[in-house]
1. Rounded to the nearest 500 deg cm²/dmol, what is the calculated helix-only ellipticity per residue at 222 nm for the chain, with -39500 (n - 2.57) per DSSP H run of length n ≥ 4?
2. From the phi angles alone, apply the Karplus equation (6.51, -1.76, 1.60; θ = phi - 60°) to region 43-56 and give each ³J(HN,Hα) in whole Hz, x where the residue is Gly or Pro.
3. Please list, in order along region 28-33, the HN-Hα scalar couplings obtained from phi with the Karplus expression 6.51 cos²θ - 1.76 cosθ + 1.60 (θ = phi - 60°), rounded to whole Hz, x for Gly and Pro.
4. In whole Å and largest first, what semi-axes does the C-alpha gyration tensor of region 10-60 yield when each eigenvalue is scaled by 5 and square-rooted?
5. To the nearest 20 Debye, how big is the dipole of the chain about its Cα centre, given +1 on the beta carbon of each Lys and Arg and -1 on that of each Asp and Glu?
6. Tell me which residues come under 5 Å, amide H to amide H, from F47 once H is placed; ignore anything under 5 positions away on its chain.
7. Given the options F26, F16, A58, identify the residue whose Cα lies farthest towards the positive end of the charge dipole of the chain (+1 on Cβ of Lys, Arg; -1 on Cβ of Asp, Glu).
8. Along the Cα→Cβ direction, 7 angstrom out, place labels at V39 and F20. What is the inter-label distance in nm?
Amino acid sequence: MTPTALGLGFGVALGFAGAFGGVVAFVVVLVLGLVGLLVGWVIEGGFDPHAYRDAYRASTRRSRTRV
């Protein structure tokens, strides 16, 4: 599935949730969609949480040594 088709499907789901379920349903669909997107990236290998963790730790070490 192309990213364009996936985005279109997600937009339609958000539209239906907002139209028929109200703001709460819209937010629930949005949050669950973002969680699904993150899980998909991790499974695909396009998102490596360990790399972001290591970069964060390196930046906090640098900021502590400057003081």
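1. On the way: 3 runs with 55 residues, N = 67.
Roughly -28000 deg cm²/dmol at 222 nm, from the helical runs in the chain.
2. 5, 5, x, x, 10, 10, x, 5, 5, 5, 5, 5, 5, 5
3. These are the phi-based 3J(HN,Hα) values: 4, 5, 4, 5, 5, x Hz.
4. On the way: eigenvalues 198, 33, 7 Å².
Ellipsoid half-lengths, sorted descending, are 32, 13, 6 Å.
5. On the way: 6 positive and 3 negative charges, 126 e Å.
For this selection, approximately 600 debye.
6. Those qualifying (amide H under 5 Å, at least 5 residues apart or on another chain) are V42.
7. About the Cα centre, the residue reaching furthest to the positive side is A58.
8. Output for this residue pair reads 2.2 nm.
The values are calculated or read from the model by the stated rules, or taken from the named source; none is laboratory data. Here the structure is a predicted model, which means the values were calculated and not measured. FYI the Cβ positions are ideal-geometry reconstructions off the backbone, even for glycines, and counts take in every protein chain you see. Note: areas computed on protein heavy atoms with side chains; ligands, DNA, RNA excluded. Shrake-Rupley method; radii C 1.70, N 1.55, O 1.52, S 1.80 Å.
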